[in-house]
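The values are calculated or read from the model by the stated rules, or taken from the named source; none is laboratory data. Computed from a prediction, not measured in an experiment: that's the story for all the values here. Glycine also receives a Cβ, built like all others from the backbone with ideal geometry; neighbour counts cover every protein chain displayed. Just so you know, the surface numbers come from the protein's heavy atoms only, side chains and all, with ligands and any DNA or RNA stripped out. Shrake-Rupley method; radii C 1.70, N 1.55, O 1.52, S 1.80 Å.
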Amino acid sequence: MRILIVEDDPMMLDGLTVGLGLAGFTCDAVSSCADAGSALRAQGYDAVVLDLMLPDGSGLDVLAELRARKSDTPVLLLTARDQIPDRIRGLDAGADDYVGKPFDLDELAARVRAIARRGKGRASARLEWRSLSLEPGSLSATKDGAPLKLTRREFSILSLLMERPGVIVTRAMLEDALYGWQEEVESNAVEVHIHHLRAKLGPGVIETVRGVGYRLAEEGA
Amino acid sequence: MTSLRARLLLILITGTAAVWLSAMAWIFLSTRAEVEEVLDARLMEAARMVNSLISERRQEPGGGLSSKDTLFGEFERQPRAYERQLSCQIWSLDGALVGRSESAPQIRLSTAEAGFSLSDIDGETWRVFTVENPELNVRVMVGDNLRIRDGLVGDVIKGMLLPTVLVLPVMIGLIWLSVRQGLSPLNTVAAHLASRRARDLRPVPDGKLPREVAPLVGALNGLFKRVEDARERERSFTAFAAHELKTPLAGLKTQAQIALASDDRDVHANALRQISSGVDRTARLVKQLLDLAALEANDAGPKLASGDPAALVRSVASALEPLARSREVSLSVTVPDAPLRVTMEPHFLELALRNLVENAVLHAPTGGEASCELRRAPDGRVSLHVRDDGPGIAEAELPLATERFFRGSNRSALGSGLGLAIVELAMERMGGALRLVNRTPHGLDASLTFANRGEDTAR
């Protein structure tokens, strides 16, 4: 799941990037309104973590611009200014959630997962398909009730496929979801992860649609 | 004297008493003079009356001085009390007592031959009028005891004293009432203030106040306003400070959670490094907040003195030398040889200078330069320039740069947004100023100028 973090404090930005990365998110980090605007125009995100006080303006402006473009990317406002009126103003401006500083990293991760999930129209956190079950909160997976050991990236690929079973997910989409800007993507990285996943899940789960991408195998295939 | 009412009462009562006493003294003196005059006239009249009586008796058959009892009886049967107090003696010209009234002393009343005289008889003073009658070869003397005269004057005074004694308390009461009435606007204001809560700093209503009380209430309201402003400043400062501390605290917490959650050694080490530098940054922020509070706290104004800033410039620069070295920035100091004098408060100037030099060192690129130059213009004005060859401040941000917690787009990682606010406040409080100018091709020139007073004292 790819998210954008907008925060001007360098320590906070590093903490969010690393911390949310540990929670399974692929994070892009920017520290100004201008950079946030360009990132949001260039790339689709599953969620945005937005600080309000930025050097070149207010995070609310970024939010307003995003909503003006009819984008419904979920936005979580993260700010030290967390009086009730501030929260109300933020939520009314189109934010999906509001977290005051200081916060608990795990709670923040859960809230980001929640708004991202709702952005995709799902209420339940758990992903299920046939005998497979994914728990995004703990990054744990089971097959036929037995725990499955997956790396973070394998987990991401599988959850992306399981979010919309049967729909083809392109290699570019997978790369977008797996790698932030700063990360070097090797040309066959996605294939390597798919290969490992197939080995763990067994045959007949992930189908390759030649020249397009991947999808979960259809019922009875 | 701390009570206005007691003071007014004292002044009014003393004043009234003084007026009364001088009136009494005046009345006493004039009454005495009047009484003297009247009594002297009576003495004279009585003496002449006796003289004419004895002259008449002389012509009557069987008359003569032998019938003096009748004569003096008549004299002493005078109707008025005062006249009974008169004493009469008749002496022959050769010095023998011919007769005297009952109340008259044995001793000759006066040695004077005629007219008024004063004499001492048995320790008492007598006023005597003497008439000489050469036909009968006698002197008639009529006298009265001055004690009696004084008694008369005393009666007049006593007669005046009684009403005074009765009226004075009434008067004091009236004074007390009018003072109380006159001071009631003060009481109203006092009662209004007394009924307030400690935090109520609304102005006292001053619509119907008398002219004398209005300035006091005006001053009071002015004070309220200043206290309220100071409190508001404090409140917003506290809110601002608390808010600014939240972000680094949130960062520290996040990094600590990462360190706890991750087994990866690199992630671990990075988180700890972040925590360490985060604590440094937070400590600096706290220190700057305290500096700012210290600059603001002293409402009466700093104790300004004339001094030479050169030593201060050198000591600040040498204190920041390690920071400059760690960032590979060369820090130079230029100070003129001749001694300078400026108006300053050493702590304030040090605070301003430290923040400026620190800023210069932090914004200069690695291998760059920061400089500190103290100079005296030909017109005698002293200025202090702190320069760096960093990115400078975006022109649009220059006016905002000294605002509290404003951090421009070219900020350093350590910046709190307070440094320039501190510099400006410190200079303002010393009567000086801070000026920020971008250098070409890049960098910042921050200059401090001082109040003119410094040059005056130097002359």
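Does A:LYS120 satisfy the condition of being open to solvent by 50 Å² or more (accessible area, probe 1.4 Å) and more than 30 Å from A:ALA42 (Cα to Cα)? No; evaluated as a whole, the condition is false for this residue. Filtering the stretch A:70-99 to residues that are open to solvent by less than 10 Å² (accessible area, probe 1.4 Å) and of a type in the set (Gly, Ala, Ser) leaves A:ALA80, A:GLY90. A:LEU22 meets the conditions (1) under 14 Å from the mean Cα position of the chain (by Cα); (2) open to solvent by less than 10 Å² (accessible area, probe 1.4 Å); (3) at the interface with chain B (Cβ under 10 Å from one of its Cβ atoms) in every case but one. The failed one is (2).
Restricting the stretch B:142-193 to residues that are in contact with a Leu (Cβ under 7 Å, 6 or more places away or on another chain) and either surrounded by fewer than 12 Cβ atoms within 10 Å (Cβ to Cβ) or assigned by TED's automatic domain parsing to the domain that holds B:GLY123 (or both) leaves a set whose member that is farthest from B:ALA46 (Cα to Cα) is B:ARG149. Scanning the stretch B:98-112 for residues that are at pLDDT 85 or above, surrounded by fewer than 16 Cβ atoms within 10 Å (Cβ to Cβ), in the same structural domain as B:SER55 (by TED's automatic domain parsing) and not charged (D, E, K, R) turns up nothing. Taking the listed residues A:ASP82, A:ASP9, A:ASP86, the one that is of a type in the set (Asp, Glu), more than 22 Å from B:ILE275 (Cα to Cα), touching a Ser or Thr at 6+ places or on another chain (Cβ under 8 Å) and within 13 Å of another protein chain (Cβ to nearest Cβ) is A:ASP86, with no other qualifying.
Kindly check whether there is at least one residue in the stretch B:316-325 that is among the hydroxyl-bearing types (Ser, Thr, Tyr) and either under 49 Å from the mean Cα position of the chain (by Cα) or not in a loop (DSSP other than H, G, I, E, B) (or both). Yes, the stretch B:316-325 has at least one match.
Inside the stretch A:89-104, residues that are hydrophobic (A, V, I, L, M, F, W, C) and facing chain B (nearest Cβ under 10 Å) make up a count of 2. From the list B:SER416, B:SER412, the lone residue that is within 26 Å of A:ASP9 (Cβ to Cβ) and over 52 Å from the mean Cα position of the chain (by Cα) is B:SER412. Within the stretch B:231-256, if we keep just the residues that are aliphatic (A, V, I, L, M) and surrounded by 13 or more Cβ atoms within 10 Å (Cβ to Cβ), the residue that is farthest from the other protein chains (Cβ to nearest Cβ) turns out to be B:ALA241.
Search the stretch B:257-268 for residues being open to solvent by 30 Å² or more (accessible area, probe 1.4 Å) and more than 9 Å from chain A (Cβ to nearest Cβ), and hand back the single one that is farthest from B:VAL279 (Cα to Cα). Result: B:ASP263. Scanning the stretch B:198-224 for residues that are farther than 17 Å from B:SER184 by Cβ and either open to solvent by 80 Å² or more (accessible area, probe 1.4 Å) or aliphatic (A, V, I, L, M) (or both) yields B:ALA198, B:ARG199, B:LEU201, B:ARG202, B:PRO203, B:PRO215, B:ALA219, B:LEU220, B:LEU223.
For the structure I just gave you, tell me whether B:PRO336 is farther than 30 Å from B:ASP229 by Cα, assigned to a loop (DSSP other than H, G, I, E, B) and touching a residue at least 40 places away in the same chain (Cβ under 8 Å). Yes; evaluated as a whole, the condition is true for this residue. A:SER31: within 13 Å of another protein chain (Cβ to nearest Cβ) and either open to solvent by 10 Å² or more (accessible area, probe 1.4 Å) or modelled with pLDDT of 90 or more (or both), yes or no? Considered against the rule, which asks whether it is within 13 Å of another protein chain (Cβ to nearest Cβ) and either open to solvent by 10 Å² or more (accessible area, probe 1.4 Å) or modelled with pLDDT of 90 or more (or both), A:SER31 comes out as yes. Looking only at the stretch A:105-162, filter to residues that are within 14 Å of chain B (Cβ to nearest Cβ) and not in a helix (DSSP H, G or I); which one of those is farthest from B:ALA261 (Cα to Cα)? Among them, the one singled out is A:THR151.
Looking at the stretch A:38-53, can you tell me whether even one residue there is surrounded by fewer than 20 Cβ atoms within 10 Å (Cβ to Cβ) and within 11 Å of chain B (Cβ to nearest Cβ)? Checked against the condition, which is being surrounded by fewer than 20 Cβ atoms within 10 Å (Cβ to Cβ) and within 11 Å of chain B (Cβ to nearest Cβ), the stretch A:38-53 yields at least one hit. Counting just the residues of the stretch B:269-308 that are open to solvent by less than 70 Å² (accessible area, probe 1.4 Å), within 14 Å of another protein chain (Cβ to nearest Cβ) and of a type in the set (A, V, I, L, M), which one comes out nearest to B:GLU234 (Cα to Cα)? Result: B:LEU285.
Within the set A:LEU148, A:LEU178, A:LEU134, the sole residue that is farther than 24 Å from A:ALA29 by Cβ and touching a residue at least 40 places away in the same chain (Cβ under 8 Å) turns out to be A:LEU148.
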